[in-house]
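This report refers to the structure that appears directly beneath it.
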Amino acid sequence: MRRSDSGLTLIELMVAGLILSLVLLAIGGITVGILSAQRTVAAVTQTATSAQSAATAIATGVRNASDVRLSTPTGSDQLLVVRTANTTSTLSWSCRAWYYQASTGTIRTKVTTGAAIPAPNSTQLATWSTLVTGVTPASGTQIFSVVAGGISITYNATISNGRPVAIDTTAIKRTGVAEVGSCY
């Protein structure tokens, strides 16, 4: 009579271990790929949100403006200044400015309650609030350009992996609104 050994041979254990190792390796590779994709999506979302928020803030300021002035203080830098109606229950006016600094790829902003906003020097510009970083013109050297009755805003915001998010919008200023004062 033959005795039955219930167990696995060393070869069977090695084959089972190899198969298990391959399965775990595949699962690990998939997990690493998913985490990498998640980081990329988070970076794209954060950059796109920041770039869109900046463009929306600028467009809203221009749409509520009675007057718009665009200048090029130095090199490829641009200064956009508007006299804008505040969004409160009573009509009041303020001066808002956005400064594109080509050397740092940033758009900064400043608001005053009626005081003119001249082109800032580098020390003054450091006190302005940063709206968005990693910005480059979509084409040419300008972020802002004058269009009939308003401003075109066109730029690329660079994501950490180097791919750009394109922003392109146009805002037309108010017409027929009388106000006193100047922001220039």
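What follows draws every value from the coordinates through simple rules; no lab data is involved. Just so you know, these numbers come straight off a predicted model, no measurement behind them.
For segment 35-172, a Kirkwood hydrodynamic radius built from all Cα pairs, placed in the Stokes-Einstein relation at 20 °C and 1.002 mPa s, yields a translational diffusion coefficient of 138 µm²/s. Taking the longest Cα principal axis of the chain as reference, the axis of helix 10-63 is set at about 10 degrees.
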